[in-house]
Amino acid sequence: MASRHIVQQQNGGEAAIGVNKQKIMGAEKKGRRALNDIGNLVTVRVADNKPAAQVSRPVTRSFRAKLLDNAQNAAAENNKNANGAVLLDGALLEKRAGARKPVAAKKAVIKPKPEEIIEISPNTVEKIAEKPGEKSSKKKGPTLTSVLTARSKAACGLSEPKAQIVDIDANDVNNDLAVVEYIEDMYTFYKSAENEGRAHDYMDSQPEINEKMRAILIDWLVQVHSKFELSPETLYLTINIVDRYLASKTTSRRELQLVGMSSMLIASKYEEIWAPEVHELVNISDRTYSNKQILVMEKQILGQLEWSLTVPTPYVFLLRFIKASLTDSNVENMVFFLAELGIMNYATFKYCPSMIAASSVYAARCTLNMAPFWNETLKLHTGFSESEIVDCAKLLVSFHSMAAEQKLKGVYRKYSSSERGAVALFPPAKSLLGFTLSNYSL
């Protein structure tokens with residue numbers, strides 16, 4: 001690229017500009033505009049701020065490079081004095097001392113030393129540098145301690161990939177009856193309220209009633225429930241009402257069946273669309289009690305319970321836990337079979353409804369060899385680990401192993417039918433049969 005005339009900026013600068021203009025005009029008249037545009041006059045200052053001799057010949061590339069080299073050498077010898085002028089790329093850079101206020105030199109920017117992450121391998125130690133300039137707010141890499149811990153677990157075989165949790169409500173997003181948006185909050189509330197609607201141990205306070213009599217009553221209620229073809233919710237609520245009333249009111253042996261019939265009438269009115277009529281209950285009890293006696297007991301039970309009927313029974317949790325199990329109808333029938341055996345026997349009275357439901361699912365999976373017996377999805381939705389439910393599950397399997405030999409076979413016959421998959425006829429879970437139940441045989 002051609003260089004232009006560069007004239008030193010000083011008080012006499014205007015005169016120099018006029019001379020140059022005259023020369024350029026003369027050159028144009030002589031037809032040498034092209035050479036003047038190239039610019040042959042080059043002003044170079046050397047030591048002591050004295051101008052060098054003017055060169056009036058075309059500046060070739062090699063000559064221009066030589067001039068630049070000489071100017072740079074001269075500037076280097078004077079330690080880059082502020083009064084020196086150097087021609088760079090055809091432009092004369094001039095600095096006068098005191099002409100302008102000295103500009104503060106830019107501070108040297110020290111690039112931050114890149115952080116290093118030490119990666120431990122069995123034989124070598126490698127250092128991987130992060131990109132310089134990364135903000136400290138960015139997430140840092142793993143620490144040395146975490147890397148060593150992870151590698152130690154891997155060496156011992158302890159770091160297994162976490163099992164995937166299945167979204168059991170994914171298929172019900174568009175089902176308004178499934179209330180997917182509220183289902184988790186509902187079951188959180190059920191878990192917190194299940195002990196409030198649960199009866200305490202009352203056998204010691206009942207002088208005329210024992211555990212075997214209670215089992216006989218519930219076994220009969222199971223058969224009445226099947227006879228009227230009532231919903232499962234009605235059976236579980238009936239048993240809940242019976243236990244809560246007996247826990248708060250001393251009852252004679254003669255009135256025990258009356259309490260069961262009135263409790264079923266209340267539960268049917270609460271759960272069913274068409275509840276059984278009072279005279280139907282009188283007939284099914286072989287007219288042991290009159291219509292008036294049933295209605296009087298119904299009123300007495302409601303008053304004793306203060307009309308509190310909305311309680312989380314085991315059935316509420318069974319529905320959710322069976323869904324979380326992601327299994328077929330055989331497992332579902334087995335779960336209900338074990339759960340009904342559990343609520344019939346007073347031995348499970350110490351367990352909360354959610355525990356009975358979770359243990360029924362676990363025992364059913366063990367009975368039908370549905371591996372794995374417990375997984376992360378069930379643990380999430382039930383709130384119980386496998387170790388927490390294994391004792392209750394063993395108790396349920398023991399009831400299963402003795403069901404065919406017991407005198408009370410209402411539940412056993414119910415689940416021996418082909419309509420319910422005949423799950424009562426399946427052999428009990430061998431892995432859980434180490435638990436003996438000699439104290440609770442009926």
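Structure above, values below:
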read-out: Three-way shape label, segment 336-406, alpha-carbon gyration tensor, a/c 1.5; value: oblate
read-out: Built amide H within the under 5 Å cut-off of V166, gap 5+; value: T377
read-out: Sites N369 and T288 - FRET efficiency at Förster radius 60 Å, r taken between beta-carbons, to 0.05; value: 0.85
read-out: Subset of K212/K407; K350/K394; K323/K430; K227/K409; K269/K350; K191/K350 violating a 18 Å alpha-carbon distance limit; value: K323/K430; K269/K350
read-out: Separation of the T250 and A404 label points, Cα + 7 Å toward Cβ, nm; value: 4.5
read-out: Highest average packing first - 335-341, 410-416, 165-171, Cβ atoms within 10 Å; value: 335-341, 410-416, 165-171
read-out: Shape category assigned to segment 180-300 from the gyration tensor of Cα positions, a/c cut at 1.5; value: oblate
read-out: Ordering of 283-296, 172-185 by packing [mean C-beta count within 10 Å, highest first]; value: 283-296, 172-185
read-out: Calculated on alpha-carbon atoms, Rg and Dmax of segment 266-313 in Å; value: 11.9, 33
read-out: FRET efficiency, D328 to K191 (Cβ-Cβ, R0 22 Å, nearest 0.05); value: 0.25
read-out: Relative compactness, segment 164-230, computed as alpha-carbon Rg over 2.2 N^0.38 Å; value: 1.78
read-out: Built amide H within the under 5 Å cut-off of S416, gap 5+; value: A424
read-out: Prolate/oblate/rounded label for segment 282-360 (Cα gyration tensor, a/c 1.5); value: prolate
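Readers should treat all values here as calculations from the given coordinates under stated rules, not as data from a laboratory. Since the model is a prediction, treat every value here as computed from it, not as a measurement. Because the Cβ atoms are built from the backbone with ideal geometry, glycine has one as well, and the counts that use them run over all protein chains shown.
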